[in-house]
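Notes follow the structure.
The values are calculated or read from the model by the stated rules, or taken from the named source; none is laboratory data. Since this is a predicted model, take the numbers as computed values, not measurements. All Cβ positions, even for glycine, are placed from backbone atoms using ideal geometry, and neighbour counts span all protein chains on display. All accessible areas refer to the heavy atoms of the entire protein, side chains included, with ligands and DNA or RNA removed. Shrake-Rupley method; radii C 1.70, N 1.55, O 1.52, S 1.80 Å.
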Amino acid sequence: MANLSLKHIYKVYPNGTKAVNDFNMQIEDKEFIVFVGPSGCGKSTTLRMIAGLEEISAGELKIGDVVVNGLEPKDRDIAMVFQNYALYPHMTIYDNIAFGLQMRKVPKDEIDRRVREAAEILGITDYLKKKPKEMSGGQRQRVALGRAIVREPKVMLLDEPLSNLDAKLRTQMRSEIVKLHKKLQTTFIYVTHDQVEAMTMGTRIVVMKDGFIKQIDTPKNLYKYPANKFVAGFIGTPQMNFFEGTILKDGDRVCINFANSQARLTVPYSALTKVIPHYLDGEHKVTIGFRAEDISLDPVKVEQSQAVVKVKVSHTEELGTETLVYGDINLDGDDFTDTGTRVIIKSGGFKEYESGEVVEAAFDIGAIHLFDSETEESILPRVPEYNYLNCTVSGNKLRTLGTEFDIPPAISCDDGEYELLLPVTALANGETKAKVIGCEKVSGSNLLSLDINGVMVFTISDLAQSNGEANIGIDFKQITLRRGGENVVQPLPLVNSLDATFIMEKVAEMDEMGKRKKKALYSFVIEGEKCVCPDEVCAKMFAAFSGRKVFNTSYTCEFSPYDFTVGESGITATIVGELDYSSERFLKCSLNGKEVYVRTDKPLTGEVKLIPDLNTVSVIEKDRQIRIV
């Protein structure tokens with residue numbers, strides 16, 4: 001059994017095409033992971049890189065504690081089930097299942113035990129003497145699974161194994177594979193283009209598009225909290241309803257206006273507190289999303305709802321337990337021209353509606369989804385990036401949330417009123433009392449809702465608590481102050497980017513016998529200064545450059561302000577300022593025209609020698625824009 005670690009995995013073909021871009025994921029032991037997405041999204045390529053059937057262009061792949069980038073497929077302790085079964089037609093089912101073990105010289109009695117045990121698990125014991133042509137598609141799929149099971153691998157890889165089966169058999173085999181995973185208690189990674197398979201099988205799902213990960217989450221969270229319009233539309237049947245429009249905040253109410261229609265909803269602002277504020281100006285175009293089941297035609301719900309829109313019915317589809325009602329919120333539409341106002345509504349049981357009939361529909365505002373019309377990213381995130389607050393600066397005091405906070409010397413701005421962008425991670429421990437009014441578990445973190453003098457804010461906490469009190473303060477390193485649409489105060493930069501090259505030198509050393517020998521020493525030359533490269537970083541560099549010149553390439557090395565120490569030798573930089581945040585102090589340095597920020601324990605002036613910690617470095621190859629380390 002094993003977990004997998006994929007860090008900055010890329011697949012780049014010789015013509016420059018990136019099939020997989022910066023794939024990062026931790027897969028725990030015994031998980032059932034599903035890669036899903038449209039054709040060409042990179043899901044099968046990623047699976048084949050895990051299997052060793054495709055070379056990794058850059059990145060680190062670990063199975064257990066072993067880096068397997070350079071290992072042959074047979075040495076990775078994985079088993080793979082292919083789409084086309086790949087059975088030997090001239091062999092019996094017994095021999096097909098046993099073949100891999102026979103090639104590994106496993107003892108005959110052990111082979112027999114494993115084959116019969118796998119056949120019993122899969123229900124094909126009576127077919128062991130038959131040949132593949134005598135079996136159905138579903139039975140052949142079981143044979144392919146059996147051949148993988150007898151390997152007793154750490155990881156099972158399945159590449160669209162059900163795509164050749166009919167709908168009924170797919171449903172049956174889907175259930176069988178889930179049962180098999182529970183019985184074997186090993187890690188499964190499954191590739192499919194079918195979102196129904198993904199939702200019903202995976203403990204977590206990786207949604208991919210154009211080689212990028214769009215979202216990784218549980219089936220429930222993907223459905224309820226899509227991070228972007230693509231995931232929202234890809235997951236769920238029928239597809240989510242999307243409308244263009246604007247949203248305008250007016251006091252404690254928000255008006256949602258649908259484009260190309262007279263439809264509008266007026267709802268309490270409390271239902272949309274996580275919306276990024278500048279989208280509430282009534283001018284930014286947004287995409288509004290509602291799933292079919294979150295719109296109701298039930299007269300009781302319509303009567304009780306404050307979010308009601310009139311819909312002109314086009315036609316219906318009766319599905320037995322429910323009826324899909326197709327309509328348009330543009331009552332002046334001609335039923336042919338798509339004005340982005342069409343809607344699909346799920347109605348329970350058999351319901352009869354006449355074509356052209358106008359009905360009232362209640363929208364569940366608690367289930368609304370909002371996306372930026374251009375980037376298609378959610379503007380109603382499950383975990384907000386910022387709390388957007390108004391504040392006043394006077395002297396060395398910042399007043400917000402009904403409280404005064406001391407401004408550290410690093411913050412410099414005129415007195416007056418500002419907009420404060422306060423990250424959810426910036427509410428540090430302090431002396432201000434806050435009332436905890438809610439807690440939501442999100443991806444292993446606790447998102448707390450706090451009431452501070454009547455204002456609700458969000459923060460990330462190590463503690464899970466739905467009520468009680470918390471003591472908060474402001475981490476001024478992270479804040480942004482805006483006035484007139486411009487940033488007056490910006491957060492401390494967390495990334496220092498420096499140009500680098502990678503070199504090798506031959507150095508002499510003495511071996512155990514006292515003889516001189518040459519040893520290769522690898523270094524990064526960063527801004528003209530030679531820095532010896534740790535073995536682990538060297539290994540990642542060479543792993544990413546199979547067939548390419550690792551030494552004739554331009555790189556960017558990235559460090560945080562905490563990754564430098566000041567010493568007697570190192571990269572020469574000139575101190576041009578100091579940022580005192582009271583609890584922490586940073587040097588602002590100039591290095592060949594670049595600004596570099598460095599954590600310091602004491603005040604310094606003039607020139608300093610900076611020693612970067614290459615154990616924490618992040619390396620980007622400039623030409624291919626690939627993050628290698």
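Direction-averaged shadow area of the convex hull around the Cα atoms of the range 285-381, nm²?
7.0
If only Cα atoms are counted, what is the Rg of the range 61-144, and what is its Dmax, in Å?
Cα only, the range 61-144: 14.6, 43 Å (Rg, Dmax).
Keeping all protein chains in place, calculate the accessible area per residue for the range 389-535 (probe 1.4 angstrom), answer in Å².
That works out to 56 Å² per residue.
Indicate the gyration tensor shape class of the range 105-163 (rounded, prolate or oblate), computed on the Cα atoms with a ≥ b ≥ c the square roots of the eigenvalues: a/c under 1.5 is rounded; otherwise a/b larger than b/c is prolate and the rest oblate.
Oblate, because a/c is 1.5 or more while a/b does not exceed b/c.
Against the globular-protein guess of 2.2 N^0.38 Å, express the Cα radius of gyration of the chain as a ratio, rounded to two decimals. Kindly include the intermediate steps, with their values, before the conclusion.
On the way: Rg = 29.9 Å, N = 629, 2.2 N^0.38 = 25.5 Å.
The chain yields a ratio of 1.17.
Indicate the gyration tensor shape class of the range 181-308 (rounded, prolate or oblate), computed on the Cα atoms with a ≥ b ≥ c the square roots of the eigenvalues: a/c under 1.5 is rounded; otherwise a/b larger than b/c is prolate and the rest oblate. Don't skip to the answer; put the middle values down first.
Numbers: a/c = 2.53, a/b = 1.94, b/c = 1.31.
Prolate, because a/c is 1.5 or more and a/b exceeds b/c.
Hey, got the dipole for the range 68-178? About the Cα centre, +1 on K and R Cβ, -1 on D and E Cβ, debye to the nearest 20?
Rounded to the nearest 20 debye, it is 180 debye.
Suppose a student asked you for the relative contact order of the chain, using Cα pairs under 8 Å spaced at least 6 residues apart; what percent would you report?
Here the relative contact order equals 9 percent.
If N is the number of residues in the range 491-629, what value comes out of its Cα radius of gyration divided by 2.2 N^0.38 Å?
1.19
Positive end of the charge dipole of the chain (Lys, Arg +1 and Asp, Glu -1 on Cβ, about the Cα centre): tell me which of I288, V629, Q185 has its Cα farthest that way.
Q185
Using only the alpha carbon atoms of the range 1-47, find the Kirkwood hydrodynamic radius as the inverse mean reciprocal pair distance, in angstroms to one decimal. Write down the numbers at each step before the final one.
Values: mean 1/r = 0.0840 Å⁻¹.
Value: 11.9 Å, from the Cα pair sum.
So, in nm, how far is label R382 from label Y562 when the simple model puts each one 7 Å beyond its Cα toward the Cβ?
Calculated label separation equals 2.6 nm.
Any idea what diffusion coefficient the range 564-629 gets from Stokes-Einstein, in µm²/s, Kirkwood Rh on alpha carbon pairs, 20 °C, 1.002 mPa s?
So the translational diffusion coefficient is about 163 µm²/s.
Where nothing but the Cβ of Lys and Arg (+1) and of Asp and Glu (-1) is charged, how large is the charge dipole of the range 227-359 around its Cα centre, in debye to the nearest 20?
The dipole magnitude comes to about 560 debye.
List the trypsin sites (Lys or Arg not before Pro) within the range 127-227 that fall in a DSSP loop (any state other than H, G, I, E or B) and whose Cβ has at most 11 other Cβ atoms within 10 Å. Numbers along the way, then the final one.
Numbers: sites: K129, K130, K133, R140, R142, R147, R151, K154, K168, R170, R174, K179, K182, K183, R204, K209, K214, K220, K224; in loops: K129, K130, R151, K154.
Here the trypsin sites (Lys or Arg not before Pro) that fit, given the DSSP loop and packing criteria, are K129.
Carbon and sulfur together cover what percent of the accessible area of the range 578-629 at a 1.4 Å probe radius?
Roughly 41 percent, rounded to a whole number.
For the chain, what is the charge dipole size about the Cα centre, in debye to the nearest 20, if Lys and Arg each add +1 at the Cβ and Asp and Glu each add -1 at the Cβ? Please report the intermediate quantities before stating the final value.
Working: 76 positive and 89 negative charges, 586 e Å.
Here the size comes out at about 2820 debye.
From the Cα trace of the range 116-237, what convex hull volume per residue do you get, rounded to a whole Å³? If you can, show how the numbers build up before the last one.
Working: hull volume 14.4 nm³, N = 122.
Output value, Cα hull per residue: 118 Å³.
For the range 152-213, which semi-axes, largest first and in whole Å, follow from the square roots of 5 times the eigenvalues of its Cα gyration tensor? The partial results should precede the final answer.
Working: eigenvalues 68, 57, 21 Å².
So the three semi-axes of the range 152-213 are 18, 17, 10 Å.
Sort 308-316, 108-116 by packing, meaning the average of other beta carbons within 10 Å per residue, with the highest value first.
Descending mean neighbour count gives 308-316, 108-116.
By what distance, in whole Å, do the Cα atoms of the range 6-82 stretch along each of the three principal axes, largest value first?
Computed over the range 6-82, the largest-to-smallest principal extents equal 33, 25, 23 Å.
What stretch of the chain, leaving out the sites themselves, is the longest with no chymotrypsin sites (Phe, Trp or Tyr not before Pro) in a DSSP loop having at most 13 other Cβ atoms within 10 Å?
Longest stretch, sites excluded: 1-335.
Given axes a ≥ b ≥ c from the Cα gyration tensor, I'd like to know whether the range 421-528 is rounded (a/c under 1.5), prolate (a/b larger than b/c) or oblate. Present the calculation step by step, with values, prior to reporting the outcome.
Values: a/c = 4.69, a/b = 2.33, b/c = 2.01.
Verdict is prolate for the range 421-528.
Please give me, ordered by residue number, the trypsin sites (Lys or Arg not before Pro) of the range 503-607 that lie in loop per DSSP and have at most 16 other Cβ atoms within 10 Å.
Listed in order of number, the matching sites are K515, R548, K549.
Set the Förster radius R0 to 30 Å, insert the Cβ-Cβ distance between D364 and H278 as r into 1/(1 + (r/R0)^6), and round the FRET efficiency to 0.05.
FRET efficiency, D364 to H278: 0.75.
With the other protein chains left in place, how much accessible area per residue, in square angstrom, belongs to the range 77-131 at a 1.4 angstrom probe?
I get 59 Å² per residue for the range 77-131.
If I compute solvent accessible area with a 1.4 Å probe over the protein chains, what percent of it on the range 297-382 is carbon and sulfur?
Carbon with sulfur: 46 percent of the solvent-accessible area.
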